[in-house]
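Here is the structure we will look at, set down as structure tokens.
Every read-out reported here was derived from the displayed coordinates using simple, explicitly stated rules and does not represent laboratory data. The structure displayed is predicted, hence computed values, not measured ones. Positions of Cβ are backbone-derived with ideal geometry, glycine not excepted, and every protein chain shown enters the neighbour counts.
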């Protein structure tokens, strides 16, 4: 989608391989996107593509090429082939764009050679069934963390462009800004780093290293990056490591989203950033809004600790009463609100079901200055390492896999699982299974066996009793 970066200096860097020290200019990126888009159009028409995303220039070029070719693309995380199985069964994509060394899933064969050598094209061995793709559909993202759920968020080109430009405005991004891709691209927050910096004429540095490794920060400094993005777990870890922004002279901006950051950490990093001549943006968003919904201006953060802030440019927030309750739900309106969900190929034909209005599922309040504060969740959704996880999906997966009744709750940045079974359970195996399914560290999962789960008078699981 070349309109994302149209008008920028063709000689300016767009992508930087911070490990190899090589740069891709905007002119070169446009050429690479054009070549790949032409091949996809020739091979797929307007087909559905699945792209396994990696922190490489080739991955970004193919993502943009799918948008350019008007081929709706689902961004997926790397992992075992069996993790793809539920999505392949539900959507039967017309093409898979896989890292060159990835094995092909059953039912797919090699396709035409791609112009990006780090990737391979795989196509179905049999002709996929006819399907209708809504003309506005451009991007599909997972609801980040569901255990095998085929539910995808449907986004349009307009959603992507609106959110990228809004983020660029409130962060004051420009051609001199360079982020490092510290978050995976298939995660909406990580993707927003790419989109917003390309929209602003800035650049994105890519590295294979984790933020935990000294090689990451060496790459950060070598590429002269100006911003760093992280979810609460990242900042908690950096705090334990006594991270000092002043040790990285080009660092000007820290951003945080993906769940609530503890107030003491928000204050600590705000003070560290200010002392280093940098700024910390605490933000709030959802994949259903393409990424961002609200932010706290850095100069207001010390007095507004715990707030999600004010609406992003071109967006609006309001509170809606919850039926039979004194609570109020946070409602967002803006051009970045998704078209709706899909749970099968048939859902890809649907149009704009939300019309720009998103009921977030979060309970909230607002102060006299118009700053919003989250007070709870309407639905059973947890946030773990920046990913939204359906606790109901977790319970279904565990009850399907193990002979147990399960209640899942969120506790102190992790998940607490109560399991009831007539015989002894292998609790470490249950924890390992769930950690692998959610792609999170095993230590974030705690499992306890109980004689039985508490129930309400109507027979439902009593989560309130578990919390006591």
### Summary
Here, residue 314 and residue 421, labelled 7 Å along Cα→Cβ, have an inter-label distance in nm of 5.1
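For the range 306-440, what is Rg from Cα atoms divided by 2.2 N^0.38 Å, rounded to two decimals?
The range 306-440 yields a ratio of 1.30.
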### Summary
Quick note, the range 210-334: a/c under 1.5 would make it rounded; otherwise a/b > b/c is prolate and the rest oblate (a ≥ b ≥ c, C-alpha gyration tensor); here it is prolate
### Query
Roughly speaking, what is the stretch gain from residue 241 to residue 112, that is 0.36 nm per residue apart minus the C-alpha to C-alpha distance, in nm to one decimal?
41.7 nm
### Query
For residue 401 and residue 172, FRET efficiency with R0 = 51 Å and r from the beta-carbon atoms, rounded to 0.05?
0.60
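Between residue 354 and residue 367, what is 0.36 nm times their sequence separation minus the Cα-Cα distance? Round to one decimal in nm.
Numbers: separation 13, 0.36 × 13 = 4.68 nm, distance 2.73 nm.
The span from residue 354 to residue 367 would gain 1.9 nm if fully extended.
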### Query
Which value, to two decimals, describes the C-alpha radius of gyration of the range 381-467 once divided by 2.2 N^0.38 Å?
1.02
### Task
Just subtract the alpha-carbon distance of residue 11 and residue 322 from 0.36 nm times their residue separation and send over the number in nm, one decimal.
106.6 nm
### Task
Place a label point 7 angstrom from the Cα of residue 151 along the Cα-to-Cβ direction, then list the residues of the range 375-409 whose backbone nitrogen is under 14 Å away.
378-383, 388-397
#### Entry: residue 450 versus residue 158: modelled label distance in nm, points set 7 Å from Cα along the beta carbon direction
4.7
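Using square roots of five times the C-alpha gyration tensor eigenvalues, list the equivalent-ellipsoid semi-axes of the chain in whole Å, biggest first.
33, 29, 22
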### Message
Using a 7 Å offset from the Cα along the Cα-to-Cβ direction at both residue 432 and residue 132, what is the distance between the two label points in nm, to one decimal?
### Response
4.8
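Could you estimate the translational diffusion coefficient of the range 17-145 from the Stokes-Einstein equation, with Rh from the Kirkwood formula over C-alpha pairs, at 25 °C and 0.890 mPa s, in whole µm²/s?
Roughly 164 µm²/s, to the nearest whole number.
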